[in-house]
Amino acid sequence: MPDSKGASAQMVRQGLRQLGWQRLAVAALLLVLALFTALRSWQLPLLGDAESVLYDIRAAYFAPHTDTDKRVVLVVYTADTNRNTGQISPVDRTVLAQALAQIEALKATGQGAKGVGIDVLFDSPQDDDPLLQGALRGMTTPVFLAYADKRTNPEAITFEQEQDLKRYIGEVRTNEVGPASILLETDSDRVARRWPRQYDGLPPLLSVALTSRTPDADASFTHFTGRIRYRVPADPQRPVFDKIPIDMLADPATASLVAETIRGRYVLIGGDFADFDQFDTPLTRTGVSARLNDGQSRMIGVEVHASMLAQLLDHALPRVVPPWTLWLGSLLAIGLGVATAAAQARPWQLALAVLAQLAIFAVGPFLAERAGFDTLGFPAVGWAVGWLVAYTAISAALRAINAAQREFAQGALGKYLPRSVAAEILRNPERLRLHGEKRAIFCLFSDLEGFTKLTHAVEAEMIARLLNEYLDKLSAVVLDHGGTLDKFVGDAVVAFWGAPIAYPDDGERAVKAAIAMYHAGEEFRRNAPPGVPPIGRTRVGVHYGEAIVGNFGGDGRIQYTALGDAMNTAARLESANKPLDTTVLVSREAMERSGLDGFRPMGTVNLRGRATPVEVFEPVPDAAPEARALAEALVAAHVAGNRAAVATLTARIDASGHKDLALANLARRLAELDDGESYVLG
């Protein structure tokens, strides 16, 4: 465990060094931006609009369904009222005075209202003011008159109108008649979603004032600024609130028809005109209101006040989401974005993880709304965008680190890896282990016969030229056959197949490369410059076994190499070519895994420094079948202890006159050995 932690810490430090302080600073700033976005999305352009839309969908979807509310009734001025009275703005006050008189009359018969709220501003003098003022002064039913000021509602009233309004209310104020604030605040998209603030200097909100003297009073709503609870009718034929034209209530002949609707209810009086005192709400924004209200797409102001009053009467304060929860959710969203970007997963697993997290961000606020929490201000979009920014920041940082790793891989491997392998490493740097690992590989070792003597007979400049040309030819063979160049040791070439990436045909490539290296060496000998002494043959050994493969060294100097017995055995096989009169020797382990034909056995030999004998084979794809058959027969006879057969085959080889030095060498060795004995090399 300590080693694992140390390795992880080292990887982190290395990644930070590769990232650089500039990119690290940018990534940190992006993470801070992600957190800010997750927390403050409602206040940000575009994101705030998206949050509002999602909230409206939640609020409309989970809006309570209700039958007609029997506690509140709306008495409204309509277009017909204006036509009948011949007055539009301000509305006719005579009909209002008559309606108030009928409410008082109903009270006398035990059918009175609990209270009256008037959502009409008396902000300019009218000829019929004395009639209305007289009616107000005579009210024994609590009446609350609309009040607004220029400071908090500059679009609704001017300074002069505010003064007229104060004077009017002061003239009619009694123990039963007083002012109430009709302020409705909208968000930046002009949608009424939340209760307005209770500003200093303003009287209580209309809904709070109406209930202040009744058992229905609820002080919790005095300074409440959370969501307005809008409801939808359970039956489209029965609206949430009864709505009575003020003409019907004002006319004594028809007032009795609505008496039952007035009795014991809170009466809210206001206008119901097209394009006047109308508001968008979550219900109207989602089309719910239009479907349930004969195509009417917006809600009149007095109905918004009625919704607030009904919410107060139900004591329906929503559950508050604690601020620490929003912080926790934001940090969790950022953390998930970071973890997802850093995860080493398959594409389909990553896609599922991303979809699952986005689903949580989308569904979570709906579940909270359903549970009764106030999700107005809940950063549903903010968390998703914060996740995306964090994911992008870490992804960009990791891409920069991967680019540095690819640059390292290219510099470290580009000179001794085939193009296909190098390209795979660059696409997936994890395929290259930066420290040793045990791998089963095909090892190759080559050597140029007599090179040491050549260095004493030729000038240094010519030696350098010859050596570079020779190594260039042989290294090209290795790379063309998909091998990894390990190192050059003088004139010797060390290579292997199976690392850093293993392929099914590595054995075939390794053996074919060995044969091709021999032929390349022969071509080099033939094309030697004039004056150069004869150059010896190229000898190659190939073995298959386990080795430790990886980058070894320090931070300043490293080498990708293979270490172990398999590499040593390949070197010993190369050396065995000289006493066995062969040019390419392949161990049985390598031969059997090459998938090639055309080998002939060269017996079993004891290599220097290796206790276990090795069966060796010479690849002779172009040799006559008889030559391969003779070698196979010789070895089989020796293993079987049939010395007579060995002698007969040896005589046959001698009599044939073939100049097959390797076959003759095999026959001579086997003739000298005891039955089944292996040949010991010096």
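The values are calculated or read from the model by the stated rules, or taken from the named source; none is laboratory data. This is a predicted model, so every value here is computed, not measured. As a convention, Cβ positions derive from the backbone with ideal geometry for all residues, glycine included, and neighbour counts pool all protein chains shown. Note: areas computed on protein heavy atoms with side chains; ligands, DNA, RNA excluded. Shrake-Rupley method; radii C 1.70, N 1.55, O 1.52, S 1.80 Å.
Looking at (1) open to solvent by less than 50 Å² (accessible area, probe 1.4 Å); (2) among the aliphatic types (A, V, I, L, M); (3) farther than 15 Å from residue 449 by Cα, which is the only condition residue 492 fails?
The failed condition is (3).
Go through (1) part of a loop (DSSP other than H, G, I, E, B); (2) touching a helix residue (DSSP H, G or I) at 6+ places or on another chain (Cβ under 7 Å) and name the single condition residue 477 misses.
(1)
Would you please name the residue that is least open to solvent (accessible area, probe 1.4 Å), looking only at residues in the stretch 120-167 that are among the hydroxyl-bearing types (Ser, Thr, Tyr) and in a loop (DSSP other than H, G, I, E, B)? Lay out the reasoning, then the answer.
Applying the first criterion (among the hydroxyl-bearing types (Ser, Thr, Tyr)) to the stretch 120-167 yields 124, 140-141, 147, 152, 158.
Add one more test, that the residue is in a loop (DSSP other than H, G, I, E, B), and what stays is 124, 140-141, 152, 158.
Values: 124: 36, 140: 71, 141: 0, 152: 27, 158: 61 Å².
Within the stretch 120-167, the match that is least open to solvent (accessible area, probe 1.4 Å) is 141.
Enumerate the helices (runs of 4 or more DSSP H) found wholly within the stretch 280-349, keeping only those where 3 or more residues are modelled with pLDDT of 85 or more and closer than 18 Å to residue 57 by Cα.
Numbers: elements: 282-285, 288-292, 301-313, 323-342.
Helices (runs of 4 or more DSSP H) meeting the threshold: 282-285.
Would you check which residues across the stretch 178-204 are among the β-branched types (Val, Ile, Thr) and crowded, with 19+ Cβ neighbours inside 10 Å and list them?
Within the stretch 178-204, the subset among the β-branched types (Val, Ile, Thr) is 182, 186, 191.
Selection gives 182 alone.
Kindly indicate the residue of the stretch 251-273 that is within 58 Å of the chain's Cα centre (by Cα) and of a type in the set (Gly, Ala, Ser) and also nearest to residue 114 (Cα to Cα) among those meeting that condition.
Across the stretch 251-273, the extreme among qualifying residues is 270.
Residues being among the charged types (D, E, K, R), assigned to a helix (DSSP H, G or I) and closer than 23 Å to residue 610 by Cα: count how many of those fall in the stretch 635-680.
So the first thing to find is which residues in the stretch 635-680 are among the charged types (D, E, K, R), and the list is 643, 652, 654, 659-660, 668-669, 672, 674-675, 677.
Going one step further and asking which of them are assigned to a helix (DSSP H, G or I), we end up with 643, 652, 654, 668-669, 672.
In the following step, the residues that additionally are closer than 23 Å to residue 610 by Cα were identified as 669, 672.
Qualifying residue count for the region: 2.
Mind listing just one residue for me: the one in the stretch 436-464 that is outside any loop (DSSP other than H, G, I, E, B), of a type in the set (D, E, K, R) and over 56 Å from the mean Cα position of the chain (by Cα) and, of those, surrounded by the fewest Cβ atoms within 10 Å (Cβ to Cβ)? Before the answer, list the steps.
Going residue by residue through the stretch 436-464, those that are outside any loop (DSSP other than H, G, I, E, B) are 437-448, 451-457, 460-464.
Among the residues that remain, those that are also of a type in the set (D, E, K, R) are: 437-439, 447, 453, 461.
With the extra rule that they be over 56 Å from the mean Cα position of the chain (by Cα), the set shrinks to 453, 461.
Values: 453: 11, 461: 8.
Per the criteria, the residue is 461.
Every residue, every condition in (1) open to solvent by less than 50 Å² (accessible area, probe 1.4 Å); (2) at pLDDT 90 or above; (3) in a loop (DSSP other than H, G, I, E, B), yes or no:
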position	(1), (2), (3)
217	yes, yes, yes
223	no, yes, yes
248	no, yes, no
260	no, yes, no
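Output yes when any residue across the stretch 511-533 is polar (S, T, N, Q) and in contact (Cβ under 8 Å) with a residue 12 or more places away in the chain, and no when none is. Break it down stepwise before answering.
Let us first name the residues in the stretch 511-533 that are polar (S, T, N, Q), namely 527.
In the following step, the residues that additionally are in contact (Cβ under 8 Å) with a residue 12 or more places away in the chain were identified as none.
Within the stretch 511-533 (the criterion being polar (S, T, N, Q) and in contact (Cβ under 8 Å) with a residue 12 or more places away in the chain), the answer is no, since none of the residues qualifies.
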